[in-house]
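Below: the structure, in structure tokens.
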């Protein structure tokens, strides 16, 4: 899928805008539920973000990654090429997935967190050079076109990390997901997963990998073996529909798998019941573009410019809509959630939402808020 053909590139919000200084506007007290502030840096649409221990990293089509702390810009590091489509954090390392099909690795300086240095690129130049010398390392990607199996030949759309195994998963518009060893940047495997763009990939703690695609399917894969002997085998298809799958997320303990689609619906499955379909959640008028989970809360961001906050009632399939966060003037493309305060025990969360309106909004959300709507979604 080319840049020109992607839905985001054809979006009416995808218009170039001259650079303007960064700003942060406070709109409410930090102790009050709702919008805390808006972060604006007119460089481009916000395509990705990640939050970790009070730090927020944002990626846009400006090719720059910005770091924020306490509502102020802390740092900027430049990738030089490749719109930033995905960001994920592991310890002191930041992994970014780009439009040019590469994963870049950054490390923050322990003495000065404002300094970030690029310490690697997946795949490395040496690995590309070495692989290119052997014809067996080339695979067909399109009619009359071949490419090295260790390199994505289209934009990277999503990233996921399995901390226990030290693995990074990258999904791409080239219809594959690839498995990388984070310690040495080696590509261990490339899986032709779908017949259209892979829009989301998530790795669970029990050797499962779940992928969602623009073709409308959600597939489950099982990781077997280690190192060079590692293989991901197809297990089952959870969903097969006409509407594109746009996002996936797994609850912290892996009990539920949520899937957002271009029809505005969120499907979910229950892990304790062998991934049986638990039901659907309906709250958006347009496509669900991103999902996040925290505690018993599920956050869904949409092309309708809103974020719906859902509370799951324990291990039941009942979801209550706590609130609808409004304020963005463009589609909500990405969302991330952090606990509000290190010692907070009141079920309060800080929610970051990135939009094609070129802003990031910061919200305070409590699990104890009274719901505005209850939905028994069991099918």
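Only the coordinates and a few stated rules stand behind these numbers; no lab work does. As the structure is a computational prediction, the values presented were derived from the model and not from experiment. Neighbour counts run over all protein chains shown; Cβ positions are idealised from the backbone, glycine included.
Things worth noting here:
- Out of every Cα-Cα pair that the stretch 84-162 contains, those further apart than 15 angstrom amount to 63 percent.
- At R0 = 25 Å, FRET efficiency that the Cβ-Cβ distance of residue 128 and residue 183 yields, to 0.05: 0.85
- Global form of the chain, assessed from the alpha-carbon gyration tensor, a/c cut-off 1.5: oblate
- Among 99, 274, 241: highest mean-square fluctuation, GNM of the chain, C-alpha pairs under 10 Å: 274
- Fewest-first sequence of 118, 312 by Cβ atoms within 10 Å of each Cβ: 118, 312
- If you model the stretch 70-118 as an ellipsoid using its alpha carbon gyration tensor, with each semi-axis the square root of five times an eigenvalue, the axes come out at 20, 12, 10 Å, biggest first.
- As a rough footprinting exposure proxy, the listed residues 215, 140 were ranked by other beta carbons within 10 Å of their own, and the order from fewest upward is 140, 215.
- Max mean-square fluctuation residue, GNM over the chain, Cα-Cα springs under 10 Å, options 340, 165, 270: 165
- Helical content alone sets the calculated 222 nm signal of the chain at -500 deg cm²/dmol, taking -39,500 (n - 2.57) per DSSP H segment of four or more residues and averaging over every residue.
- P(r) tail for the stretch 185-293: Cα pairs beyond 15 Å make up 62% of the total.
- In the elastic network of the chain, a GNM with C-alpha springs shorter than 10 Å, the most mobile of 186, 117, 305 is 117.
- Burial ordering of 52, 125, 95, 77, fewest other beta-carbon atoms within 10 Å first: 125, 52, 77, 95
- The stretch 23-376, relative contact order [Cα under 8 Å, separation at least 6], %: 13
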